[in-house]
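The values are calculated or read from the model by the stated rules, or taken from the named source; none is laboratory data. Keep in mind the model is a prediction, meaning the values are calculated, not measured. Here the Cβ positions follow ideal geometry from the backbone for every residue, glycine too, while neighbour counts run over all protein chains shown. For the accessible areas, the whole protein counts, side chains as well, though only heavy atoms, and no ligand, DNA or RNA atoms are used. Shrake-Rupley method; radii C 1.70, N 1.55, O 1.52, S 1.80 Å.
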Amino acid sequence: MQVDINIGSKRKGLKDFTRLVLSFFFCLVCLAFYQNTRLYWSGVLDGIINKSFFLLVIHHLGFAALSALFLAFLFNFLERIKPDLGFKTIAMILLILLVSEGLLTNYYVSYYEILGVGVIDRIQNNDAVKVLYATPIVMLGCSLLLFLFYRLTTNIYRLINRMYPFTIILFSLFLATLISRKNPINENKTQYLVYHQAQSFLDFNKYEGSVEYPLLKELDPPNELADYFTLGTKKPNLVFIVIDGAGSDFVGEKAVYKEFMPYLNSLLNESLYWPHFLSNTGESVASIPSIIGSLPFGESGFTNTASKINRETLFGLLKNNGYQTSFNYGGNSSLDNLGKFLFEEQVDLLVSRKAYGPSFSQQEPDAAGISLGYPDGELFRKWNEDFQSTYRPRLDVFLTLSTKNPFNIPEDEKYRSEVENILNSEGLTSRNRRLIKKNDEIFASLLYADEAIKTFMEQYRRKAEFQNTIFVITGSHNLTDLPQTDYLGRYKVPLIIYSPLLKEPARIGSLVAHTDILPSITGLLYSKYDLAIPKNVSWLGDGLVHQGFFKEEKIIPLYRHKGNIQEFIEGNHCVSGSSLYEIGADLSLFNPKNEDNEKKIKEEFKRFKAINSYVTRENKLLPGAMDEKIALEDPESKSDMVWINSVFNSDDYDKAYTTARDLAIEGKRERALLLCEHILEEVPGHADTEILMGRIHAWNKEYTQAATILEKTIKKYPVYADGYSALLDVYFWADTNYKVADVKALIRKNRIENEELLLKIKRAEEKMKKEQTLFDSGNLGFLDFEDDIYE
């Protein structure tokens, strides 16, 4: 009988490859168990086998599937060249990946952070280099585990034979992991490192300058605007009205549809007016940081940046100079993280959808049954009803929404009838007439918004504050629901500054943008008052007034929408995509007569995009806030974040609230408070979470802290019954029922009809009566007994 002397070098097949991949996956599961065990022993996690463990196993499965997909081709190729070569090569690659995962996991459980971009610097600048000392042990352990699991998978041949084509299964598993959210605690550490290193390497628009803060400049406040005003001894009030979608097509000396916003157009002859004005963005919420902060955009709009960025805005600057600040909106301020941005700005009063009571009516829902919120008339009525005169100057900012799709306004038929009347008048071209008729809901909403602003201005005119108020009126962007003439169309908006303090109306021809408003307002106030201003700023703009139409070298970056900075202006040239245009006197675009500067302007555009990404990603707008940086480096803060990621793995913060509530009910109040704080960092307007925090402090008998939280809550959400209910409980338990009268008055003022609140008010009043009776009779010793009964 002939003996096969090459049996040891027999070609390996798909079954052997599958056993190797399965062994690799089982080793990853062991590493997941090791990670959670270490974190549990460190007191970071409350258990080992939990939700985060299973999510990590799923993501390890996806990583194993992805690795197998790529390595299967290499395995087959090498096996054809030489038997067993593919098997040994793949085994070595998988072992390297295991060792990498082991070392990265060891780093994570030691320092509570995951390594990505800058891994070399991170290791060199910290004690993390000690983690590398474990390499031999990790390599030995991974080798033994891989060998052991390979031996144990011998008996699964039959199961593998019954499977569908293995590559399809691997691909399906990988796709399944893509839709699940990843946090550092449940993410494959090697995949995270490789992905972020590759992303950094392939970033061809990376900032490579040597200046750490490339937008930083010394503030020299422009004072040209002061020439148009006669300011008094008292700082003026400022009112900003940002009208969603109100572009220069509707308001302006050359507006095509000026009949639909007659009041705003009438203000042009009584105001400072900029006919060549641009929004820096093509979105409503994204316009607020440009107007208020002259800020860059980041990748998805400044309000959507992942972490807080040091900046100097009008809110902060004026608040530091004694102003009372407010932001007023009829919609959901949580959208696009607007509420988070305003919370970071420490705005004194944020009025959004949750602040409106039953006396206010929401706009009609759209086809999906969703209402945008409260229309413009209700927005201004709410502010007017809540208005209280104060000795402090005011900054009130309004963002409207009635001119936003789906354009559902009150008294819709009335305004559509007005549209019809305008259509029957002369002066419209046949094209515009067809466009208006086809989109009558849009033009009806413009008429409604214009009338709402007119009513607001007339009501404000009757206030004593009117004579010392400056009104800044602009559009967020030009409506994109109607056709635009060119690439600049969506950015063309009016700017009107109206005030009794104006010396005379004026038309200012400078080509400027939203980002120029903040420098000019700062300069205006600084020219007259002892205004405390920062030494350095990182504002994109430089002022609203300059000589001539164009200012050479002036740049105006334009953010079309999320992840899309497509247009850029320098001087009298505009880049859109890869094309260069010259800007005409009416902001029209045409091919340049001279293309000598094309390369320079496009390089400047590329540089801006790199800087925009760098300063918002790395927090390099302004230096400072070292305390926050230290807090981020604090191991205790990092370990808290690890625990939070272990119990919350979603973008649904309502689910996070439910988890926090369940933890509090289970008696884990410190953990519940920690999760509540995280929720409010991400969604500052989450009222239920604020109420839960107040209740937890009350359950801990920290009544003063609980009352402070809940008193602020009912001020922010004056029509939300749960806040009053929690506060009444705190007053009752703390034996401060004398405060209930004020709460009762607020409940009546806001027309809250709630049986539970009435019972709690009655409970407090009865207890006070009994206390008074006992006091009058001298039997105060019974009070403790009574308290026990009520609790």
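Counting only helices (runs of 4 or more DSSP H) that sit completely within region 129-192, those holding 2 or more residues that are open to solvent by 60 Å² or more (accessible area, probe 1.4 Å) and at pLDDT 75 or above correspond to 135-152. Looking at region 244-269, which of its residues are in contact with a Pro (Cβ under 6 Å, 6 or more places away or on another chain) and either open to solvent by less than 10 Å² (accessible area, probe 1.4 Å) or more than 18 Å from Gly509 (Cβ to Cβ) (or both)? Correct list: Val251, Gly252.
Residues are listed down the side, and each one gets a yes or a no for (1) under 17 Å from Val251 (Cα atoms); (2) small (Gly, Ala, Ser); (3) open to solvent by less than 60 Å² (accessible area, probe 1.4 Å); (4) not in a helix (DSSP H, G or I):
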site: Arg434; (1), (2), (3), (4): no, no, no, no
site: Leu446; (1), (2), (3), (4): yes, no, yes, no
site: Asp486; (1), (2), (3), (4): no, no, yes, yes
site: Ile497; (1), (2), (3), (4): yes, no, yes, yes
site: Gly509; (1), (2), (3), (4): yes, yes, yes, yes
site: Pro519; (1), (2), (3), (4): no, no, yes, no
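Against the numbered list (1) without any contact (Cβ under 8 Å) to a residue 40 or more places away in the chain; (2) part of a loop (DSSP other than H, G, I, E, B); (3) hydrophobic (A, V, I, L, M, F, W, C), Leu580 comes up short only at (2).
Within this structure, Ser284 fails the test of being touching a helix residue (DSSP H, G or I) at 6+ places or on another chain (Cβ under 6 Å), over 13 Å from Lys340 (Cβ atoms) and buried (at least 24 other Cβ atoms within 10 Å of the Cβ).
Only helices (runs of 4 or more DSSP H) whose full extent lies in region 717-779 are considered here, and the ones with at least 2 residues that are among the hydroxyl-bearing types (Ser, Thr, Tyr) are 721-733, 755-777. Among residues belonging to region 448-484 that are in a loop (DSSP other than H, G, I, E, B) and more than 26 Å from Asn408 (Cβ to Cβ), point out the one that is farthest from the chain's Cα centre (by Cα). Going through the qualifying residues, I end up with Arg462.
A quick yes/no check of all residues on (1) more than 19 Å from Asn280 (Cα to Cα); (2) over 32 Å from the mean Cα position of the chain (by Cα); (3) of a type in the set (Phe, Trp, Tyr); (4) modelled with pLDDT under 90:
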site	(1), (2), (3), (4)
Lys528	yes, yes, no, no
Leu544	no, no, no, no
Leu558	no, no, no, no
Asp586	no, yes, no, yes
Phe590	yes, yes, yes, yes
Asp627	yes, no, no, yes
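Contact map, region 62-83: residues that are touching a residue at least 60 places away in the same chain (Cβ under 8 Å) and closer than 10 Å to Lys12 by Cα paired with residues that are open to solvent by 70 Å² or more (accessible area, probe 1.4 Å) and assigned to a loop (DSSP other than H, G, I, E, B), Cβ distance under 7 Å, separation 6+ or inter-chain. Pairs shown: Glu79/Arg11; Pro83/Lys10; Pro83/Arg11. Listed conditions (1) open to solvent by 10 Å² or more (accessible area, probe 1.4 Å); (2) under 18 Å from Tyr192 (Cα atoms) are all met by His60, apart from (1). With respect to the stated conditions, Phe343 is within 21 Å of the chain's Cα centre (by Cα) and open to solvent by 20 Å² or more (accessible area, probe 1.4 Å).
For region 307-331, give me the residue count where each residue is in contact with a Phe, Trp or Tyr (Cβ under 9 Å, 6 or more places away or on another chain) and not in a loop (DSSP other than H, G, I, E, B). Counting residues in region 307-331 that are in contact with a Phe, Trp or Tyr (Cβ under 9 Å, 6 or more places away or on another chain) and not in a loop (DSSP other than H, G, I, E, B) gives 8. Taken together, the residues in region 413-432 that are small (Gly, Ala, Ser) and either in a helix (DSSP H, G or I) or modelled with pLDDT of 95 or more (or both) amount to 2.
Filtering region 13-39 down to residues that are open to solvent by less than 40 Å² (accessible area, probe 1.4 Å) and of a type in the set (Ser, Thr, Tyr), which residue is farthest from Thr89 (Cα to Cα)?
For region 13-39, the residue satisfying everything is Thr37.
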